[in-house]
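S.K.: Let me begin by handing over the structure; questions about it come next.
The values are calculated or read from the model by the stated rules, or taken from the named source; none is laboratory data. Only a predicted model underlies this, so the values are computations on that prediction, with no experimental measurement involved. Note: ideal-geometry Cβ built from the backbone for every residue, glycine included; neighbour counts use all protein chains shown. In case anyone asks, the SASA skips ligands and DNA or RNA and just uses the protein heavy atoms, side chains included. Shrake-Rupley method; radii C 1.70, N 1.55, O 1.52, S 1.80 Å.
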Amino acid sequence: MATVHIADQGTITALTSPHWIGWGYRLIEVGGVLTAFAVLLSRPAWMGWAAGALLGIGPFVGYIASRSVGVPGDPGDVGNWGYWVGTVSLFIEAALIALSVTMLLALRNRQSVPG
């Protein structure tokens, strides 16, 4: 996800306009790295997977909002569903959400089984 958002901005040093969206991209990029570490290192394990679910949900909802009802400062993206970078990002975010929720459910079920 971080790579897709860097590609969308052009480079790692670029900042998408409006700036609040650009800073949102930065949060996704840094959050992606931190979430990867959380998934690999966090104990209890559910914390890393919960971070993964949140990291996927935020940009997924943001993209849907920007293409459907629009977001402040970015009216040009309303209806722009054919942007391939956004489509790739949606698939990655959906996969991360699905994986994270599946792992959270598996961890919950494992804890509830006596033995």
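S.K.: Stretch ASN109-VAL88 to full length: gain in nm at 0.36 nm per residue minus the Cα-Cα span?
M.R.: Net length gain for the segment: 4.4 nm.
S.K.: According to the Kirkwood expression over distinct Cα-Cα pairs, how big is the hydrodynamic radius of segment 33-114, in Å?
M.R.: It works out to 14.1 Å.
S.K.: Under the 0.36 nm per residue contour assumption, what length would be gained going from the current alpha-carbon distance of TRP46 and VAL61 to full extension?
M.R.: Length difference between fully extended and current span is 3.2 nm.
S.K.: How large is the accessible surface of MET103 in square angstrom, using a 1.4 angstrom probe and rounding to the nearest 10?
M.R.: Estimated to the nearest 10 Å², MET103 gives 60 Å².
S.K.: Would you work out the charge dipole size for segment 1-114 about its Cα centre, treating the Cβ of every Lys and Arg as +1 and the Cβ of every Asp and Glu as -1, and quote it to the nearest 20 debye?
M.R.: Here segment 1-114 has a charge dipole of around 460 debye.
S.K.: Give me the distance in nm between label points sitting 7 Å out from Cα along the Cα-to-Cβ direction at ALA95 and PHE37, one decimal.
M.R.: Distance between the two pseudo-spin positions: 2.4 nm.
S.K.: 222 nm [θ] for the chain, helices only, -39500 (n - 2.57) per DSSP H run of 4+, per residue, to 500?
M.R.: Rounded to the nearest 500, it is -25500 deg cm²/dmol.
S.K.: How high is the relative contact order of the chain, in percent, with contacts defined as C-alpha pairs under 8 Å that are six or more residues apart?
M.R.: 26
S.K.: Right, next: Give the accessible area for ASP8 in Å² (nearest 10); use a 1.4 Å probe, count only protein heavy atoms, and leave out ligands, DNA and RNA.
M.R.: Roll a 1.4 Å probe over it and ASP8 shows about 50 Å².
S.K.: Averaged per residue, what accessible surface does the chain expose to a 1.4 Å probe, in Å²?
M.R.: Spelled out: the 1.4 Å probe surface of the chain, per residue, equals 62 Å².
S.K.: How high is the relative contact order of segment 53-115, given as a whole-number percent (alpha carbon pairs under 8 Å, six or more residues apart)?
M.R.: 40
S.K.: Continuing with the same structure: By accessible area of protein heavy atoms, probe 1.4 Å, what ranking do SER68, SER42 get, highest first?
M.R.: The ranking, largest first, comes out as SER68, SER42.
S.K.: Could you tell me the calculated FRET efficiency between THR3 and LEU54, based on Cβ-Cβ distance and R0 = 25 angstrom, to the nearest 0.05?
M.R.: 0.85
S.K.: While we're here: Using a 1.4 Å probe and counting only protein heavy atoms, arrange VAL71, VAL61 so the residue with the most accessible area comes first.
M.R.: VAL61, VAL71
S.K.: Of TRP49, LEU105, ILE92, whose Cα points farthest to the positive end of the dipole of the chain (charges on the beta-carbon: +1 Lys, Arg; -1 Asp, Glu; origin at the Cα centre)?
M.R.: Checked the options; the winner is LEU105.
S.K.: Heavy atoms only, probe 1.4 Å: what % of the accessible area of the chain goes to carbon and sulfur, would you let me know?
M.R.: That share works out to 74 percent.
S.K.: Which one, MET1, GLY22, GLY73, is farthest towards the positive end of the dipole of the chain when Lys and Arg carry +1 and Asp and Glu -1 on their Cβ?
M.R.: The one lying farthest along the dipole's positive direction is MET1.
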